[in-house]
Amino acid sequence: MSVEGFKHLIDSFFSSPSTVFIGSVVGFGLFFAFVRFFTRPLVAGILTAITVGFLAFAVTDKNFFIIVTKPDNVPIVGMLFLLGFFTWLAFRKAVINDLRTEKGEPIIERSEKEEKVFSWPDLVYPEMICMIGLTVLLLVWSILLKAPLEEPANPAAAPNPSKAPWYFLGLQEMLVYFDPWIAGVVLPGLIIFGLMAIPYIDNNPKGNGYYTFKERKFAIITFSFGFIILWIVLIIFGTFLRGPNWNFFGPFEYWDPYKVESLVNVNLSEFVYIKWLGTGLPKFWLTREFLGIILVLAYFAITPLLLAKTVLKKMYLSLGLFRFNIMVFLLLTMMTMPIKMVLRWAFNLKYIIAIPEYFFNI
Amino acid sequence: MARGGTYLRNSSKLNAIFGVGAILLLISFVLMLADDHIREWKSYQREFARMETEQAQGKLDKAKSKVDHHKLDELKKDIKKAKKELKEEDEEVGTVKKELKALEAKRYKANQSFQFARSRYAVAKYEYEDAKAHHKDDKAAQAEKVVLKEDAIIAQHKEDVEQFDIEIKSKKEELQQFTAKKETLIKKKEALTKGVKRLEKNLAKVKPGLINWLLNLPMLDFIEPTRKVQQVVVEDLTEDYHFAQVPRVDRCMTCHLGIDSNKWKDAPQPFKSHPKLDLFVASDSSHPVDKFGCTVCHNGSGQSITFYDAAHTPRSEEQKKEWQKKYNWKPQIYVEENMLPANLVEASCYQCHNADGKKVDIPKAPNLNAGKELFEERSCYACHAVKGYENFEKKGPDLTRLASKTSQEWTEKWLKSPRTFRPDTKMPQFFDLSNTSSEEDKQKSLAEIEGITQYLYKKSKPFKKMAKSMPEGNAEKGKELVDNRGCLGCHSVGEWKEPEHGPSLNGIGSKVEPKWLYSWVKNPKHYWKETRMPSLRLSDQEAADMTAYLMTLKNKEFDQMPAPKATESAMDKMALEYLTSQYGAVIGLRKFEKMSDQEKQVYVGERAINHYGCAGCHAIEGFEKAGKIGVELNGIGSRNIHTFEFGNVHDIDHTKQDWLQAKLSNPRVFDKGKIKNRLEKSKMPHFGFTDKEAEQLSTFLLGLRKSEIPADKRDNLDAREEAVEKGRQMVRDLNCAGCHQIEGKGGEIAKTLPEGMNPPPLIKEGEKVWGDWLHSFLKKPSTVRHWLDVRMPTYGFSNKEATALVHYFESLDKQKLNYRGKEDQIPKPSKAEWQAGKEIFETFKCLQCHVAGDIGNRNPAELAPELSLAHDRLKPRWVIKWLVNPDKYYPGTRMPGYWPDLQSPLPDVLGGSAKKQIKALRGYILNLDLYEKD
């Protein structure tokens, strides 16, 4: 296959957020299904080699090079590798511990606990060396890449694409699927609230002070989903794949500001009254949005009930009604994002509840 | 290491890593310093210092070589000798010096006591006054005593000081006697080498030395470096940062170091002097750099100090290539206004000098003026709104009575290709352009052409030609008339290609009806009230002759061109397309089905006239209230580059000037590769601008900016200047300069006429003729120069227009408007004076050339202006100036100057006084008949 053909293949594979997102979720699932396989150093090494190799190949492309070497984006590229490494490290340690426990051996942390070392030179000296190394890195970085300053802000000519700081790109991506009041206020608020609530919800004493996966599967998978899929992957979207007009571009595609994407989205009420019933939209909002409201209420009211009775029965018993409900509410809220994304891609669904009369759309 | 082996980590390995890390840190620290220290502009300043040193050294060497070394050596010898002599008198000098020193010490002491006493006195005085004011009499009395005492002491000391001063002075004089010789010699030597000394000082100032080197070292350069960023801050010409207007800071002179001095005219960039120091930058120019800065004219990022960041723009393709090689140049995308390339920089003049569009020409901006004139000449304002052009007239001919003028066939052919008929026509090409060149589009164009013609002829109103009794014309005579009467001032014909004002007369015979033409040349305003074409007051026979001649001027190529014929299907398509855009598809179709073929044609014509904005230039029945169809152009020069759509045109830079150049060269270029239906396509017609013209027009358009220039920095017109500008606009619109030389320009018609037969150049016209005479002359021209064949035409001026022109000429020569002061009264000579004048008049044989009322049977070619008009026409003061030195007013005039250098050739008249004679002659000329009957 020619280089161009390969690039075209990649571009067409990356050509929609749904592919990338669903691909990431599948990868995420595979990783947890075969966590012991994936954390083997050889496998991790091969994956790293593939990634680095791809990157080395990709930077020879003009468009990819422009995006990756933007002074703004360089740290994000670095961050991806760091994230990969530390995720691997944590799971590697967890897997080893799990294996040892299975065999009845003590976990690593226990054996380490008994060793004692000198603060000098064993601690302070390496710290100083790290300090020097980091200083060198920062100096060289600042020499090589200039601060990305642009022209004075002009309200009449916003830059295209207009991007949030990289750490908020996940939030900006949410704006594609939700109204600003949800994507910009409610969800970020709940993220902070939820993170604060974790210690009070989590009553699993295991995994305290040591790495383990087996003993905290639910907590680790849930958190990793929220962090890696709903935060990091969306940052990758926003940084590398969202171009002018917030259109989606493959990594080797030219960011053409005139690229046209068809955006025809429909509300749930239009599905009901126009597509299925063919009667036209009722004027009164409550009648019109009846189904959406019921669905949303059911999602938040009935799902916890079902979960408590079925898959999460054990957890319900251990957490108790109050904590369980909070936990499930947070979990469900988190899942609204992927649900909404899938609905959008599958049915061009715009809003489940659309009440523009009161600026209330979900 | 003492407890070696018990550590977790291997110490020597850590040491090695630490060592490497420390070295890397050192290297990166040095790199950081270097990165901070090494700046592009510093290298320029270093280079400039070298050039300055070189120049100063050169000057110094030159000055040194000029010094008379022989004389200098002699002086040095003499000084040595004088010093020796002085030494011989050493003892005596020593005593005097000692005495002088002692005296100075005494004086110092006395002066000190004087100062102390004075301050004590001041305190006592204050205490006395204070006590008095508060009625503390005891205290006041006490203080008064002190005051008196100190007063006496002061007086004493003062006397002492003065005494010492006298003694010191005499001692110094004594000393002087010894040293006088040496000092004069030293002074002589200094005088000899003064220039050299000054230049040496200059050199020392610019020559980089050890101290300079130290001051410019990294980390030390915060103290007082010699290499530093240079800048001007212009408070009132602000930069628009969208949320704030901030003072303009321009640092261009950080690298353009020789910009303000004419010493660097031939230096390479960036050191070169500004090419127009008389106008810009220099402190004595009209735009000094500290008041205007640089970027207010040049644009670009004034605060930046690298070549790239400053947003330089190359002036040409070659320069662009050179820069790409040298600086890796590309347009700066983070600067709103990249620098204007040097060939377009005149655009900036317009933001201050436009006077709200009232100014006709901006001085010393030829490109801008040419662009502005093109904008007016090609009627850009007909479609595009621009401030100052709201009330400009429609320049294209009136089409409301077209049927009487030409045939439908001609009209269709003309619409299809105006330039085939008249290569230099101002009418642009509307059809068959780059975005309408497909076969289908060509068919649709034919439909529109036919439609427009049908519309125009259907709506054409009847016209009563002034041709009831049109005599038989003689083409030969007609040609003579066209050549001589003045037609060629505005119209080109045959080989005569100079005038661009009126349409070329070539091929006119293929266009118009003879009777219409006869009526038109007799009185153009009869057919078209607003036309600028004046009447030459032709007799019936003359008009007929002219018509006969003009009808022989045919355009064969055009005549042979087949008449365009639209197919029925194209007409249907076009009609349906217009109907759909106007009414929507359903109603459109319903209306379409009800239309007859004729109705379709007329409908398509009406819509096409509307679509292409024909009514912007032409008066068309039914389009009296049509608006402008183009984009407003106000502020286009400062519009953000993102508002310019480049479409699929990838071979030009994304800059405004490149966009404009491309658009003006081919207005449809940005439709390239786009799928659009016919009515969506860009519809700006093709004007056939040359690259140069497109550049000039771009200059003007880039000058249309939204900028916040304070009133005191703008070119504001006073009443006089406004009158001048108004007149200039009329002179341009009416093409006065086609025949007359005005303000030193024009009068090209002279080239077609025999020598001496050209219309008079209008030099100092305002100073020369009376306003009221000029007013009546403009309204109803009378013969001043009998010998001319060419005629001043009748323009049919209103009083207002004639007055505006009179005011123009008077304002131009700084005359007082509508005012005759005492000095302007027509002098009434005494009888004796008058007779003296008459005598001079007769002696000089003035009537040999001049005419006074009756031509008789003299050869008009040898005549000079009519003198019987002088009383009403000429201003007395001008007559004096004229008589003294005619050649100064009209270089090459046949009028001789009889009083060169105010010396009279007639010693017997009026005592031989030239002044008196001139006055007497003037008195006679302006009052020819005053004492005639006596």
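The values are calculated or read from the model by the stated rules, or taken from the named source; none is laboratory data. This is a predicted model, so every value here is computed, not measured. Ideal geometry is used to build each Cβ from the backbone, glycine not excepted, and the neighbour counts take in all protein chains shown.
Per-structure values
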item: Residues that are touching a residue at least 60 places away in the same chain (Cβ under 8 Å) and surrounded by fewer than 16 Cβ atoms within 10 Å (Cβ to Cβ), drawn from region A:315-329; result: A:S318
item: Filter result (within 24 Å of B:Y327 (Cβ to Cβ) and either in contact with a Lys or Arg (Cβ under 7 Å, 6 or more places away or on another chain) or away from every other protein chain (no Cβ under 11 Å) (or both)) within region B:1-37; result: B:H37
item: For B:P534: the one exception among (1) under 18 Å from B:T794 (Cβ atoms); (2) over 43 Å from the mean Cα position of the chain (by Cα); result: (2)
item: Residues located in region B:86-100, provided they are at pLDDT below 85, assigned to a helix (DSSP H, G or I) and either touching a Phe, Trp or Tyr at 6+ places or on another chain (Cβ under 9 Å) or within 30 Å of B:V206 (Cβ to Cβ) (or both); result: B:L86, B:E92, B:V93
item: Any chance B:T425 is touching a helix residue (DSSP H, G or I) at 6+ places or on another chain (Cβ under 7 Å), surrounded by fewer than 17 Cβ atoms within 10 Å (Cβ to Cβ) and closer than 27 Å to B:S519 by Cα; result: yes
item: Of residues in region A:129-153 being more than 7 Å from chain B (Cβ to nearest Cβ) and within 30 Å of B:S11 (Cα to Cα), the one surrounded by the most Cβ atoms within 10 Å (Cβ to Cβ); result: A:W141
item: Qualifying position, being under 30 Å from A:G170 (Cβ atoms) and surrounded by fewer than 17 Cβ atoms within 10 Å (Cβ to Cβ), among A:L286, A:L312, A:L332, A:L349; result: A:L332
item: Selection within region B:329-370 - part of a helix (DSSP H, G or I), free of Cβ contacts under 8 Å to residues at least 60 places away in the same chain and closer than 17 Å to B:R705 by Cα; result: B:V345, B:D356, B:G357, B:N369
item: Sole residue being closer than 20 Å to B:D483 by Cβ and modelled with pLDDT under 90, chosen from B:G747, B:G771; result: B:G747
item: Qualifying helices (runs of 4 or more DSSP H) (wholly inside region A:153-249; at least 1 residues being of a type in the set (D, E) and closer than 29 Å to A:V328 by Cα); result: A:169-177
item: Checklist (1) in a loop (DSSP other than H, G, I, E, B); (2) farther than 30 Å from B:Q582 by Cβ applied to B:E722, failing item; result: (1)
item: Matching option when the condition is crowded, with 18+ Cβ neighbours inside 10 Å, more than 14 Å from chain B (Cβ to nearest Cβ) and of a type outside the set (G, A, S), among A:I221, A:I191; result: A:I191
item: Residue check for A:T212: surrounded by 15 or more Cβ atoms within 10 Å (Cβ to Cβ), at pLDDT 90 or above and under 24 Å from A:M315 (Cα atoms); result: yes
item: All positions within region B:264-279 that are at pLDDT 90 or above and either touching a Phe, Trp or Tyr at 6+ places or on another chain (Cβ under 8 Å) or not hydrophobic (A, V, I, L, M, F, W, C) (or both); result: B:W264, B:K265, B:D266, B:P268, B:P270, B:F271, B:K272, B:S273, B:H274, B:P275, B:K276, B:D278
item: Residue in region A:30-48 that is in contact with a Pro (Cβ under 9 Å, 6 or more places away or on another chain), surrounded by 14 or more Cβ atoms within 10 Å (Cβ to Cβ) and outside any helix (DSSP H, G or I) present; result: no
item: Some residue of region B:233-253 being basic (K, R), within 14 Å of another protein chain (Cβ to nearest Cβ) and not in a loop (DSSP other than H, G, I, E, B); result: yes
item: So A:D122, is it in a helix (DSSP H, G or I) and either within 14 Å of another protein chain (Cβ to nearest Cβ) or within 30 Å of B:S12 (Cβ to Cβ) (or both); result: yes
item: Residue list for region A:92-119, filter: facing chain B (nearest Cβ under 9 Å) and loosely packed, with under 13 Cβ neighbours inside 10 Å; result: A:E115, A:V117
item: Residue pairs meeting the criteria (Cβ under 6 Å; at least 6 apart or on separate chains; first closer than 17 Å to B:M551 by Cβ, in region B:458-473; second outside any loop (DSSP other than H, G, I, E, B) and among the acidic types (D, E)); result: B:P471/B:D540; B:G473/B:D545
item: Positions within region A:223-248 being within 21 Å of A:P75 (Cα to Cα) and over 10 Å from the mean Cα position of the chain (by Cα), in sequence order; result: A:G238, A:T239, A:F240, A:L241, A:R242, A:G243
item: So B:G494, is it without any contact (Cβ under 8 Å) to a residue 60 or more places away in the chain, more than 26 Å from B:G627 (Cβ to Cβ) and in contact with a Leu (Cβ under 9 Å, 6 or more places away or on another chain); result: yes
item: Within region A:261-325, helices (runs of 4 or more DSSP H) holding 2 or more residues that are over 23 Å from A:E357 (Cβ atoms) and touching a Leu at 6+ places or on another chain (Cβ under 9 Å); result: A:290-309, A:313-319
item: So B:S638, is it in contact (Cβ under 8 Å) with a residue 60 or more places away in the chain, hydroxyl-bearing (S, T, Y) and within 21 Å of B:S682 (Cα to Cα); result: no
item: Given (1) under 26 Å from the mean Cα position of the chain (by Cα); (2) crowded, with 16+ Cβ neighbours inside 10 Å, number of the condition B:L279 does not satisfy; result: (2)
item: A:M79 vs. criteria under 30 Å from B:I27 (Cβ atoms), more than 14 Å from chain B (Cβ to nearest Cβ) and either among the hydroxyl-bearing types (S, T, Y) or surrounded by 14 or more Cβ atoms within 10 Å (Cβ to Cβ) (or both); result: yes
item: Lone unmet requirement of (1) under 22 Å from B:F243 (Cα atoms); (2) more than 10 Å from every other protein chain (Cβ to nearest Cβ); (3) not aliphatic (A, V, I, L, M) for A:W166; result: (1)
item: Subset of region B:692-718 (residues that are at pLDDT below 95 and either among the polar types (S, T, N, Q) or under 10 Å from B:L664 (Cα atoms) (or both)); result: B:S707, B:N716
item: Residues that are within 14 Å of chain A (Cβ to nearest Cβ), under 20 Å from B:P268 (Cβ atoms) and without any contact (Cβ under 8 Å) to a residue 24 or more places away in the chain, drawn from region B:38-71; result: none
item: Inter-residue pairs, beta-carbon under 6 Å, first in the same structural domain as A:K70 (by TED's automatic domain parsing) and loosely packed, with under 14 Cβ neighbours inside 10 Å and in region A:154-179, second hydroxyl-bearing (S, T, Y) and at pLDDT 90 or above, 6+ apart; result: none
